[in-house]
Amino acid sequence: MGKKQNSKLSFSYVKHVVGHVLWTNRTKWGKAGVLLLSALVLLVSSSYGVAYWYQQKHADEPLVLGATFIPNYAEYFELDPQETLQVMIDELGFKQFRLVTYWKDYEPTENQYNFDKLDWQFDMIEEAGGSISLALGLRQPRWPECHGPEWAMEKPIEEWSEDLNEFMGVVIDRYKDREVLLEYQLENEYFLNVFGECPDFSRERLVNEYNYVKEKDPSRNVMVSRSNNATPSWPINEPRADIVGASIYKRVFDKTITNRYFEYPYPEWFYAFLAGMTELTTDRPTMIHELQTEAWLPEPYSMKTAPLEEMYKTFGPEDVASRIEYGINTGIKRIDVWGVEWWYHLKENRNAPEIWENAKRTLETYNKN
């Protein structure tokens, strides 16, 4: 008998003996452990099967790499917002952008609107032949997450929620005839009540806003994002959005449990599994609306002034290609990266262009394909 056959027999015999010993263990805990391990193996293998199905189904679809752009964040870094957006287009090749409509910025006084800042963003992206996913609602990307004006937030929720709908209606009416507008994103990570400074998390308000947006502009899709980076929740409740948004954060500073830097252990296929289960149970597509490509710092560090070595503990120049590749390997074909204004700040203000240059090379590779 050959060596290969001997090896197979030996391995089979060992499995048989180990299984027999475990199963015939006289304690109930031994049998419970075997059952638990078997259930875990079944769960993981089934999840991977869903992930593989999803990745293969969408393998031939085009990849779209976009970015979130927030002029306030560029201003925080003492950058010129228009210049920042232009170099994102010209140097990095972005065409797809998620833009924000902070209520406090565009209606700082009740019934007095100024959309100059949003107008030039639309014009610049339209001129570049790009497309826009427009965030709506009280909760939108960046701290403190909820961006309501003081005059509204002083009112009872029943009143300010009506004011918010009215504001969203003004925004929609202003931009719905622009071809560059692809879709809306409603209430960023709405149910994430452990993060941000927000006054309300009721599903009723979210459903009401969703129905209102669809009524104002039935021609466009509305995306509602999952409210957690980590847990496999299913977006099966109302509102049943047209698109499901997912965020991916790989390495953060955990101030709630461990009080140290922490890396989520999920493989790429975990997010393919979430997207696959969403598609199987709701027939809705998934996009990554935030792929972490910036640092996550502990207090009291500032993104503007923290030492580079501290920032690079969660995202540094050597992480650029692997993080973008991680997002692509999920099999999800629409991905918006997060934190490009910070890249530009490092390049222009901190004499640290490495992340910007590495991103430029990486994005060029995928934009050519």
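Only the coordinates and a few stated rules stand behind these numbers; no lab work does. Please read all numbers here as calculations on a predicted model, not as lab measurements. Note that each Cβ is placed from the backbone with ideal geometry, even for glycine, and that neighbours are counted across all protein chains shown.
Evaluated at q = 0.20 Å⁻¹, a Debye calculation over the C-alpha positions of segment 95-220 (equal weights, vacuum) places log10 I(q)/I(0) at -1.20. Spin-label model, TRP143 to ASP283: label points 7 Å out along the Cα-to-beta-carbon direction sit 4.3 nm apart. The distance between label points at GLU215 and ASN259 comes to 5.0 nm (points 7 Å beyond Cα on the Cα→Cβ vector). Normalised by residue number, the volume inside the convex hull of the Cα atoms of the chain is 193 Å³ per residue.
Taking every alpha-carbon pair under 8 Å whose residues sit at least 6 apart, the chain reaches a relative contact order of 19 percent. Checking the Cα-Cα distances for LYS313/LYS347; LYS117/LYS304; LYS95/LYS360; LYS250/LYS347 against a 21 Å cut-off, the pairs over it are LYS117/LYS304; LYS250/LYS347.
Would you work out the charge dipole size for the chain about its Cα centre, treating the Cβ of every Lys and Arg as +1 and the Cβ of every Asp and Glu as -1, and quote it to the nearest 20 debye?
For the chain, the charge dipole is close to 3260 debye.
Set Lys and Arg Cβ to +1 and Asp and Glu Cβ to -1, take the dipole of the chain about its Cα centre, and tell me which of PRO218, ALA128, GLN292 lies farthest positive. Positive-most Cα among the choices belongs to GLN292. Each Lys or Arg adds one and each Asp or Glu subtracts one; over the other residues with Cβ under 10 Å from the Cβ of GLU238, this totals +1. Dividing the summed -39500 (n - 2.57) terms of all DSSP H runs of n ≥ 4 by the residue count of the chain sets its mean residue ellipticity at 222 nm at -15000 deg cm²/dmol. Ranking THR330, THR362, TYR312 by how far each Cα lies toward the positive end of the dipole of segment 211-365 (charges on Cβ) leaves THR330 at the top.
For the pair LYS155 and ALA39, what calculated FRET efficiency results from E = 1/(1 + (r/R0)^6), where r is the Cβ-Cβ distance and R0 = 51 Å, to the nearest 0.05? Efficiency, rounded to the nearest 0.05: 0.50. Potential lengthening of the chain between GLU91 and VAL207 amounts to 37.8 nm, from the contour at 0.36 nm per residue minus the alpha-carbon distance. Summing +1 for each Lys or Arg and -1 for each Asp or Glu among the other residues whose beta-carbon sits under 9 angstrom from that of PHE77 gives -3.
Mean-square fluctuations from a GNM of the chain, with a 10 angstrom spring cutoff on Cα atoms, peak among ILE236, ILE335, ILE288 at ILE236.
Placing unit charges on each Cβ (+1 for Lys and Arg, -1 for Asp and Glu) gives the chain a dipole about its Cα centre, and among GLN112, LEU280, GLY148 the Cα reaching farthest toward its positive end belongs to LEU280.
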